[in-house]
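The values are calculated or read from the model by the stated rules, or taken from the named source; none is laboratory data. What you see is a predicted model; the values in this text were computed from it and never measured. With ideal geometry, Cβ positions are generated from the backbone for all residues, glycine too; neighbour counts draw on all protein chains shown. Just so you know, the surface numbers come from the protein's heavy atoms only, side chains and all, with ligands and any DNA or RNA stripped out. Shrake-Rupley method; radii C 1.70, N 1.55, O 1.52, S 1.80 Å.
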Number of protein chains: 2
Amino acid sequence: MTPRPVLKGTLYGVGVGPGDPELLTLRANKVLAEADIIAYFAKEGRRGTSRTIVDSLIGEGRNELPMYYPFTTERHVTDPVYVKETYEFYEASCATLDTHLRNGKCVAVLAEGDPFFFGSFMHLWRRLVPPHACEIVPGITGMAGCWSRANAPMTFGDDIMTVLPATLPADKLAARLADTDAAVIMKIGRHLGKVRTALTSAGRIDQAIYVERGTMSGEHIMPLADKAGDDAPYFSLVLLPGNGRRI
Amino acid sequence: MTPRPVLKGTLYGVGVGPGDPELLTLRANKVLAEADIIAYFAKEGRRGTSRTIVDSLIGEGRNELPMYYPFTTERHVTDPVYVKETYEFYEASCATLDTHLRNGKCVAVLAEGDPFFFGSFMHLWRRLVPPHACEIVPGITGMAGCWSRANAPMTFGDDIMTVLPATLPADKLAARLADTDAAVIMKIGRHLGKVRTALTSAGRIDQAIYVERGTMSGEHIMPLADKAGDDAPYFSLVLLPGNGRRI
C-alpha cells in the first residue's frame, strides 16, 4: 500500500498499543504528529493510560481533548445508573467530536491496545461513523504485548485460541479452558481467585502465566502458580500458551 | 518504559504486521535500521511476503539472509516427508543463525503479523533461545489489520472471541462458531466451501465478513454471502464480529 495522507474532517481511532511507546505503529505516530485534536478517555483529574503512553511522542502546545468518565467505576455494568451515566457521557463526548469534525478538524482518539478489540473507542465510532470519515489505525493488543514479554509463543500449527473475560462464572471458564489449545484471560482484576479455580478444574493451572502491566513500568511476569495472593490490577491477564504442531 | 538499545549477539523476532509497511511499530523499524543481518523465510526464487512488506523501510546494501523453504507445499503437514524436510530446514537455518549470533551479530528475523501468533519464527526461537538472548517485537496481527480495514469492531464488553483454523472439520467448526461471541477463521485457502457450510449450520453466515489481502495491495473485503465462488488465497480470513454490550 502506498503511504496515505492524514486527512482533515476525519476521525482516527489510533491504537497506542500495550504501554511501551515504542510499540506504536509508524502510522499511529504520523497521525498523532499531524492531528489537529488529540482526544482520549481518562478518569477525572488523571491523564489516563492512553495519553500517558504517548507522552514521549507528543510535543508541547497541542490541542488536547480529555474525555472524563463519569464516576461509575464502583457500579456494576448492568446497574441502570451506570448505563444512563455512561450513555450520556458517550453522547456528550460525540457531540463535541462531531462539532470538531464538521469544522474540518482532523481528530485522533487514542485507544489502549487496538481500537476494535475491547475498549471505549468503539462506542464513539458507532455514533460518528457515518456520517464522518474514519480510519482505524490498529494497535498492538495488550495480550500480544504480554506474550512477547513473557517469552510465550501462543499458537502453533492448527491451534485454537480463545480470548475469555475473567468475568465469566468459574464453571463456564473451566469448560472453555479445558476445550481450547491456547487461551488469554482478560480483565482479571478482582477475579483472580476464580480464574485459579477454573484453571485448576481444567487441569491447566501449571501452564498458566500471570502478566501484570506487560510492557509498562512495574511489569511483573510469573507462573500463575507462583503468584502470592489474589490481588491483581486492571492491567493484568493470564496466558495459556498452545501446544500445537512443533517441528 | 525507557527506550531500549538494539543489542549485539541478540536474536530479534520482528513482527512486520499484516502487509502495510506503515503498520510496523517504531521498535520494529529501529531494530531493522540497526540489525547486522536481516533474515526471512521465502519460497525459493521469491522475495517472500515479510521481506516485501519492509521494502520501503530497508535501504540498499544490507546483509540479508533469505531462508528458503523446502518444496513441501503440496504435501500434508502430517506427511513424513514434509516433517523430515521441514525439520532439517529449521535445523540448518538455526545452525546459520547460531553462527552469526555467536559472532556477536545482531540478527533480525522478519515475521509476518506477530512473531508469537502462528508462523514459522517460533520454530527458530525454540531452538535458539536459550542460549541466545532474544527480544520479541510484537506486530499487528493479520486479523487486526483485517478488522480495522473491514470497519468491524470485534469485541465489546464481556465478549468471548475464538480464533479458529479453517482446517477443522465442518461439524467442529460449526459447533465452535455457534458457541462464541466473536470469531476469526484463519488459513482459509481451499477450505472456504467448508467454512460457509459451518457458518450456515451455526446460523451466522449473514454476519460473516470475508477479507482477502487485508491492508495489502489487491485487498478485497465483502460480506461472505456476497463472495462468488470458493477460491481464496492464503492471505484471506473470515471475521465474525461480536455482539456484546453496547451503550
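Side notes on the structure shown:
- Listed by position, the strands (runs of 3 or more DSSP E) contained in the range A:161-214 that have at least 3 residues being under 15 Å from A:Phe235 (Cβ atoms) and within 12 Å of chain B (Cβ to nearest Cβ) are A:182-186.
- Hits in the range B:43-55 - residues which are outside any helix (DSSP H, G or I) and modelled with pLDDT of 95 or more: B:Val54, B:Asp55
- Residues being part of a helix (DSSP H, G or I) and open to solvent by less than 70 Å² (accessible area, probe 1.4 Å) - total across the range B:63-84: 3
- Of all residues in the range B:217-239, those being part of a loop (DSSP other than H, G, I, E, B) and either within 14 Å of chain A (Cβ to nearest Cβ) or of a type in the set (Gly, Ala, Ser) (or both) number 7.
- Residues that are aliphatic (A, V, I, L, M) and at the interface with another protein chain (Cβ under 7 Å from one of its Cβ atoms) were ranked within the range B:138-151; the one that is nearest to B:Arg102 (Cα to Cα) is B:Ile140.
- Where a residue in the range A:155-169 is charged (D, E, K, R) and its partner, wherever it lies, is buried (at least 20 other Cβ atoms within 10 Å of the Cβ), with Cβ under 6 Å and at least six apart: A:Asp158/B:Pro165; A:Asp159/A:Asp181; A:Asp159/A:Ala182; A:Asp159/A:Gly242
- From B:Glu91, B:Glu60, residue being under 22 Å from the mean Cα position of the chain (by Cα), acidic (Asp, Glu) and open to solvent by 20 Å² or more (accessible area, probe 1.4 Å): B:Glu91
- Members of the range B:201-247 found to be without any contact (Cβ under 8 Å) to a residue 24 or more places away in the chain and within 21 Å of B:Lys172 (Cβ to Cβ), listed by number: B:Ile205
- Here A:Tyr90 does not fit the description of being modelled with pLDDT under 95 and among the aromatic types (Phe, Trp, Tyr).
- Among the conditions (1) hydrophobic (A, V, I, L, M, F, W, C); (2) open to solvent by 60 Å² or more (accessible area, probe 1.4 Å); (3) touching a Lys or Arg at 6+ places or on another chain (Cβ under 8 Å), B:Ile38 misses just one, which is (2).
- Given (1) open to solvent by 10 Å² or more (accessible area, probe 1.4 Å); (2) under 17 Å from the mean Cα position of the chain (by Cα), index of the condition B:Ala33 fails: (2)
- Condition check for A:Leu97: touching a strand residue (DSSP E or B) at 6+ places or on another chain (Cβ under 8 Å), within 14 Å of another protein chain (Cβ to nearest Cβ), touching a residue at least 40 places away in the same chain (Cβ under 8 Å) and not polar (S, T, N, Q): no
- Note on the range A:146-158: residues that are assigned to a loop (DSSP other than H, G, I, E, B) and either open to solvent by 10 Å² or more (accessible area, probe 1.4 Å) or at pLDDT 95 or above (or both) amount to 7.
- Screening B:Ala133, B:Ala166, B:Ala178, B:Ala170 for residues that are modelled with pLDDT of 95 or more and open to solvent by less than 20 Å² (accessible area, probe 1.4 Å) leaves exactly one candidate, B:Ala166.
- Residues being open to solvent by 10 Å² or more (accessible area, probe 1.4 Å) and more than 7 Å from chain A (Cβ to nearest Cβ) - total across the range B:114-125: 2
- Residues of the range A:1-56 that turn out to be more than 13 Å from chain B (Cβ to nearest Cβ), touching a residue at least 60 places away in the same chain (Cβ under 8 Å) and of a type in the set (A, V, I, L, M), as a count: 5
- For the range A:102-113, the set of residues classified as surrounded by 24 or more Cβ atoms within 10 Å (Cβ to Cβ) and either within 10 Å of chain B (Cβ to nearest Cβ) or touching a Gly at 6+ places or on another chain (Cβ under 7 Å) (or both) consists of A:Val109, A:Ala111, A:Glu112, A:Gly113, listed by residue number.
- Search result, residues across the range B:99-131 that are touching a Lys or Arg at 6+ places or on another chain (Cβ under 8 Å) and of a type in the set (D, E, K, R): B:Lys105, B:Arg126
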